[in-house]
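Below: the structure, in structure tokens.
The values are calculated or read from the model by the stated rules, or taken from the named source; none is laboratory data. In this text the structure is predicted, and so the values were computed from the model without any measurement. Note that each Cβ is placed from the backbone with ideal geometry, even for glycine, and that neighbours are counted across all protein chains shown.
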């Protein structure tokens, strides 16, 4: 392998190792301006997209321990990686693909587990991680709130009875 290819392979290997997920998309027919727009949207979502040669990406993925990708890498492919939430990045890719009808999700990996196109689209439909966390905390908080209300109710009722007695009597 030539020195340039080794450097590129190491660069993609570092990207794959730094990201908990990646999504492989086919960008055939997409114009440069559209790809630039996709980059901007993904950057806001904490992700990035890189066009990569299939042979170099195949070697980098194998070295990263992702698995054998023979036969799955064909056409003009780009790889979406990120540090944050896969569902947010998948949502951006899905929305962008619907807008321009040129970007097609091929497959992806999340924590070294292969995801098919349908699974990535399902992740795209999920709310973001922060929204899920807030909903979960709301579910955890609800019983505690009800318990406090139940414990507080007899004392509140007693205080109302005593206040009514004071207002009525003297």
Out of all the residues in the range 24-47, which are over 16 Å from residue 100 (Cα atoms) and either assigned to a helix (DSSP H, G or I) or in contact with a helix residue (DSSP H, G or I) (Cβ under 6 Å, 6 or more places away or on another chain) (or both)?
-> 43, 44, 45, 47
Per the filter on the range 48-70, residues more than 22 Å from the chain's Cα centre (by Cα), part of a loop (DSSP other than H, G, I, E, B) and under 20 Å from residue 6 (Cβ atoms) are 53, 69
Counted residues, the range 12-33 - those being more than 16 Å from the chain's Cα centre (by Cα), more than 18 Å from residue 90 (Cβ to Cβ) and touching a residue at least 24 places away in the same chain (Cβ under 8 Å) | 5
Those residues of the range 1-37 that are surrounded by 21 or more Cβ atoms within 10 Å (Cβ to Cβ), farther than 16 Å from residue 60 by Cβ and modelled with pLDDT under 80 come to a total of 1
Any residue in the range 46-64 that is buried (at least 19 other Cβ atoms within 10 Å of the Cβ) and within 21 Å of residue 121 (Cα to Cα)?
-> yes
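Let's see how each residue does on (1) under 11 Å from residue 26 (Cα atoms); (2) in contact with a strand residue (DSSP E or B) (Cβ under 9 Å, 6 or more places away or on another chain); (3) without any contact (Cβ under 8 Å) to a residue 60 or more places away in the chain; (4) in the same structural domain as residue 131 (by TED's automatic domain parsing):
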| site | (1), (2), (3), (4) |
| --- | --- |
| 56 | no, no, yes, no |
| 63 | no, no, yes, no |
| 83 | no, yes, no, no |
| 98 | no, no, yes, no |
| 102 | yes, yes, no, no |
| 112 | no, no, yes, no |
| 116 | no, yes, yes, no |
Under 9 Å between Cβ atoms, at least 6 apart or on separate chains: pull out the pairs that start in the range 143-166 with a residue that is surrounded by 10 or more Cβ atoms within 10 Å (Cβ to Cβ) and end on any residue that is part of a helix (DSSP H, G or I).
-> none
Looking at (1) part of a helix (DSSP H, G or I); (2) under 19 Å from residue 49 (Cα atoms); (3) modelled with pLDDT under 80, which is the only condition residue 148 fails?
-> (2)
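Residue-by-condition table, conditions (1) in a helix (DSSP H, G or I); (2) under 19 Å from residue 44 (Cα atoms):
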{"position": "75", "(1), (2)": "no, no"}
{"position": "80", "(1), (2)": "no, yes"}
{"position": "121", "(1), (2)": "yes, no"}
{"position": "162", "(1), (2)": "yes, no"}
